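What follows is a single structure, written as structure tokens, with notes after it.
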Amino acid sequence: METIRIHTESKSYDVLIGEGASKEIGPFLTKHFPDLTKIFIITDETVASLHLEKLLVSLKGWNPVVFTAPVGEKAKTFEVYYEALSRALENRLDRKSLVLSFGGGAVGDLSGFVAASFMRGIPFIQVPTTILAHDSAVGGKVAINHPLGKNMIGAFYQPEAVLYDLTFLKSLPKQEIRSGFAEVIKHALIYDQAFYDWLQMNIDNLDSLTMEQLSYSIIKGIKIKKEFVAKDERETGVRAYLNFGHTLGHAIEAEMGYGNFTHGEAVMIGMVFALKLSIGMLGLSFDLNKFIEWIERLGFETNLPPDLSLERLHTRMSQDKKSFGSSIRFVLLESVGKPKMQEISGDVLVDKLKSFCLC
């Protein structure tokens with residue numbers, strides 16, 4: 001079991017990582033919330049069927065209220081958000097109640113936004129069940145989607161703790177493992193050459209990941225994210241570097257329809273595009289062919305899905321939170337571990353997308 005302390009301007013809290021970490025929920029609540037009135041668990045249909053009974057054993061005596069959302073990005077709609085708030089009101093949650101997020105990144109985003117907005121803010125705890133959530137559960141960015149953009153309606157709202165039980169990861173399907181591991185690779189590329197080299201040398205098949213490899217990768221990823229969040233909680237500066245690959249990735253997700261293409265797989269295509277831009281625009285010295293061969297062995301797609309409109313992708317990117325005037329801001333790399341924000345004009349970006357499609 002490992003504990004990582006997260007420091008932000010608004011709050012400091014612990015991330016507890018290891019097999020069996022969820023068993024610490026009861027003692028944590030008893031110690032830190034002696035006046036707790038109710039627990040409101042927000043989960044999704046898949047996690048509820050696989051793991052909810054085990055979690056409830058850890059919460060024996062609290063009689064929690066459970067709200068079950070749809071799986072994936074379908075959880076992050078206005079309708080589901082409204083239903084969750086209605087359930088909280090119907091069950092008379094108050095300011096001494098607590099939201100417990102039990103699921104992947106989408107459930108965490110929904111739960112955090114419910115907690116941030118219910119009665120102007122009540123505490124919440126993250127209990128992640130996916131690899132992808134090693135990124136989303138830390139740092140306090142919570143949101144729901146709008147048809148015009150991913151994560152456009154939300155808040156910065158830090159959890160009280162993150163209890164990351166690696167046992168839950170054993171039930172993940174291959175697609176979810178890939179989706180989460182894309183964020184692990186992202187963390188290495190933007191911060192740590194040595195970690196990136198380790199990944200390339202040791203991870204050659206996501207189907208045969210050992211618990212030791214998975215634990216090491218997740219802990220490294222969280223420690224890297226910790227560095228950015230500590231310096232820039234509200235993403236006014238260096239925290240934006242964590243969006244490497246996300247500008248195009250979010251546009252792909254939106255155009256494909258939320259939930260039809262996993263977040264991590266879309267971001268991986270976005271990272272390949274950003275690396276290509278980095279080589280051409282910043283002179284990045286990087287073996288892109290070797291990188292593509294490696295991630296394709298891991299099962300990732302590296303090209304844009306067929307039949308996507310480049311014009312619509314450009315429109316989506318111009319609506320992104322990171323856009324600026326008529327230019328779109330991309331996170332690029334000067335070298336592995338040295339990101340840079342780069343503004344790219346619309347005309348240049350469309351030409352680069354056309355070139356990317358021809359690769």
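Criterion first (crowded, with 18+ Cβ neighbours inside 10 Å and not in a helix (DSSP H, G or I)) does Val15 satisfy it? When the stated conditions are applied, Val15 passes them.
Within segment 110-124, one or more residues are assigned by TED's automatic domain parsing to the domain that holds Pro34, among the polar types (S, T, N, Q) and closer than 17 Å to Glu160 by Cα.
Residues in segment 89-110 that are among the small types (Gly, Ala, Ser) and under 18 Å from the mean Cα position of the chain (by Cα) were compared, and the one that is surrounded by the most Cβ atoms within 10 Å (Cβ to Cβ) is Gly103.
For segment 266-306, the set of residues classified as closer than 14 Å to Phe356 by Cα and part of a loop (DSSP other than H, G, I, E, B) consists of Glu301, Thr302, Asn303, Leu304, Pro305, Pro306, listed by residue number.
Does segment 140-150 contain at least one residue that is out of contact with any His (no Cβ under 7 Å at 6 or more places or on another chain), within 27 Å of Thr3 (Cβ to Cβ) and assigned to a helix (DSSP H, G or I)? Looking for residues that are out of contact with any His (no Cβ under 7 Å at 6 or more places or on another chain), within 27 Å of Thr3 (Cβ to Cβ) and assigned to a helix (DSSP H, G or I), one finds none in segment 140-150, hence no.
Yes/no per residue for (1) closer than 30 Å to Arg95 by Cα; (2) within 16 Å of the chain's Cα centre (by Cα); (3) in contact (Cβ under 8 Å) with a residue 60 or more places away in the chain:
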site	(1), (2), (3)
Gly112	yes, yes, no
Ile131	no, yes, yes
Phe156	yes, yes, yes
Asn202	no, no, no
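Exactly one residue among Gly121, Gly105, Gly61, Gly72 is modelled with pLDDT under 95 and under 25 Å from Glu9 (Cβ atoms), and that residue is Gly105. Please tell me if Arg297 is more than 28 Å from Phe195 (Cβ to Cβ) and either surrounded by fewer than 17 Cβ atoms within 10 Å (Cβ to Cβ) or outside the structural domain of Leu132 (by TED's automatic domain parsing) (or both). Answer is no for this residue.
In the same structural domain as Phe78 (by TED's automatic domain parsing), touching a residue at least 24 places away in the same chain (Cβ under 8 Å), within 13 Å of the chain's Cα centre (by Cα) and farther than 30 Å from Leu56 by Cα: does that describe Lys150? Judged against the criteria, Lys150 is a match.
Within segment 241-259, one or more residues are touching a residue at least 12 places away in the same chain (Cβ under 8 Å), in a loop (DSSP other than H, G, I, E, B) and at negative phi. Say we look at segment 112-142 and pick out the residues that are surrounded by fewer than 23 Cβ atoms within 10 Å (Cβ to Cβ) and aliphatic (A, V, I, L, M); which of these is nearest to Glu176 (Cα to Cα)? The selected residue is Ala116. Based on what the data block shows, is Thr37 in a helix (DSSP H, G or I), closer than 27 Å to Val80 by Cβ and of a type in the set (Val, Ile, Thr)? So Thr37 fails the test. All conditions in (1) surrounded by fewer than 16 Cβ atoms within 10 Å (Cβ to Cβ); (2) out of contact with any Leu (no Cβ under 6 Å at 6 or more places or on another chain) hold for Lys340, with the sole exception of (2). Here Ala137, Ala155, Ala161 are screened, and the one residue that is within 28 Å of Gly26 (Cα to Cα) and touching a Leu at 6+ places or on another chain (Cβ under 9 Å) is Ala161.
The values are calculated or read from the model by the stated rules, or taken from the named source; none is laboratory data. A quick note: this is a predicted structure, and the numbers were derived from the prediction, not measured. In this analysis, Cβ positions are derived from the backbone assuming ideal geometry, glycine residues included, and neighbour counts consider all displayed protein chains.
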